[in-house]
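Down below is the structure, laid out as structure tokens.
Read-outs: derived from the displayed coordinates by stated rules, not from any lab. Predicted, not measured: the structure shown is a model, and the values here were computed from it. We place every Cβ from the backbone using ideal geometry, glycine too, and count neighbours over all the protein chains shown.
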Amino acid sequence: MNKISIAGPVWLASDIHLGQNTPATSEAFRDFLKLAASEASALLLPGDIFDAWIGDDVAVLAPPWLAQDLMAIKAVAAKIPVWVGRGNRDFLIGEALTAGLGARLLPEQALVSVGNHTMLLSHGDEYCTDDVAYQQFRAMVRNPAWQAGFLARSIPERLTMAAQARGESMAANQVKSSEIMDVNTDAVAAAILSAGVSLVVHGHTHRPGRTVMSVEGKRCERWVLPDWDCDHVDQGKPPRGGWMVIDEDGLTLFDLDQD
Ligand code: LP5
Ligand code: MN
């Protein structure tokens, strides 16, 4: 297991889902990054920073919205260590991007120690084992041969395929039960036992908060990071998002409007 030891305060955020049609979310994220640069000693972004990442080559001739967000991440990485992780929508992030940002690539699963808190950190989609259709999709797109074939296509072709996949995913999610789209407790317990920890942190499920569980008689905690969306106020959805701070006081979740 990959181990990362960092002095606090460490800030974490995931599931921002940055894209060209969500300027308010991008702006809120850039404000967050500025705050992190001045208040955190390190920043961890464990997945789904982007709504869809089709390959690191898009960063070379990035459209303005993306260039602005990448520059903002780069500016933080010039001040504090930044780890960028892959989620189910940006699993194609590679070392070319992280190197360009002056950041580091977060391993799929990492043991992160901050002071006396040691946690198993990942995006979290691997725990959704009841979602068989998703796990099949995941196995397909994580296959190196599939990835090489996809990356060999032109950028416009990849953009079209990504939009199609997003559309199909959203349609599929409409008819899935809420339980299926949450983590499977046994999968989390197995990961806890295998990593030898009592603390798990992840994103992906968009159900922020803390769950206490017992694993072979040991009290364990699972913390979930929030997702972000500041662009659907017109549909009656207030701006949403937030992050976690880990310091000597332990783990704390902050909402966007609480800073
Ligand atoms: O992302 P979210 O939160 O809406 O739902 C996820 C799971 N869905 C996904 C799929 C991604 O959203 C797709 C975007 C990837 C963009 C990257 C670019 C690479 C392009 C890939 C081209 C093939 O991760 C969803 C889970 C949910 O989380 C909760 O855990 O349920 O899983 C699904 O929706 C899977 C579906 O049930 C089945 C697969 C649908 C995709 C089909 C792809 C068709 C590709 C056509 C290309 C021509
Ligand atoms: Mn996700």
| field | Where labels lie 7 Å past Cα in the beta-carbon direction, separation of Gln136 and Ala24 in nm | value | 3.8
| note | Spelling it out for Leu44: with amide H atoms placed in the peptide plane at 1.01 Å from N, the residues 5 or more places away or on another chain with amide H under 5 Å from its amide H are Trp11, Leu12, Ala13, Trp83
| query | Between exposed GluC sites (Glu not before Pro) in the chain, where DSSP calls loop and at most 16 other Cβ atoms lie within 10 Å, what's the longest gap? | reply | 1-107
| note | The answer for the per residue Cα convex hull volume of the chain, in Å³, is 130
| For the residue pair Glu216 and Leu151, what label-to-label distance in nm results when each label sits 7 Å from Cα along the Cα-to-beta-carbon direction? | 3.8
| request: Would you mind calculating the relative contact order of the stretch 1-102 from Cα pairs under 8 angstrom and at least 6 residues apart, reporting the percent as a whole number? | output: 33
| field | Considering only the chain, percent of DSSP beta bridges that pair antiparallel, nearest 5 | value | 50
| note | With +1 on the Cβ of every Lys and Arg and -1 on the Cβ of every Asp and Glu, the dipole magnitude of the chain about its Cα centre, in debye rounded to the nearest 20, is 520
| field | Interchain or long-range residues, amide H under 5 Å from Leu18's placed H | value | Phe50, Asp51
| request: Give me the aspartates and glutamates in straight-line cross-link reach of Lys3: C-alpha distance below 15 Å, same-chain residues under 8 apart excluded. | output: Glu108
| note | Whole-Hz Karplus couplings 3J(HN,Hα) for the stretch 209-226, θ = phi - 60° and coefficients 6.51, -1.76, 1.60, Gly and Pro as x, run x, 10, 10, 9, 9, 10, 10, 6, x, 9, 6, 10, 10, 10, 10, 10, 7, x
| Percentage of Cα-Cα pair distances in the stretch 154-259 greater than 21 Å, rounded to whole percent? | 55
| task | Quick one: which residues, 5+ away or cross-chain, put their amide H under 5 Å from the amide H of Thr118? H built at 1.01 Å from N. | result | none
| Can you give the helix-only mean residue ellipticity at 222 nm for the chain, where every DSSP H stretch with n ≥ 4 adds -39500 (n - 2.57) and the sum goes over all residues, rounded to the nearest 500 deg cm²/dmol? | -10500 deg cm²/dmol
| request: Name the shape class, rounded, prolate or oblate, that the alpha-carbon gyration tensor gives for the stretch 111-183, where a ≥ b ≥ c are the square roots of its eigenvalues, rounded holds for a/c under 1.5, and otherwise prolate holds if a/b is larger than b/c and oblate otherwise. | output: oblate
| query | Just the projected area, averaged over all directions, of the convex hull on the alpha carbon atoms of the stretch 1-117: how many nm²? | reply | 6.7
| message | Could you tell me the relative contact order of the stretch 118-259? Use alpha-carbon pairs under 8 Å, at least six residues apart, and round to a whole percent. | response | 22
| said: Explain nothing, just compute: Karplus ³J(HN,Hα) = 6.51 cos²θ - 1.76 cosθ + 1.60, θ = phi - 60°, for every residue of the stretch 20-28 in order, whole Hz, x for Gly and Pro. | reply: 6, 9, 10, x, 5, 5, 4, 5, 4
| Under the definition of Cα pairs under 8 Å and six or more residues apart, what whole-number percent is the relative contact order of the stretch 61-130? | 27
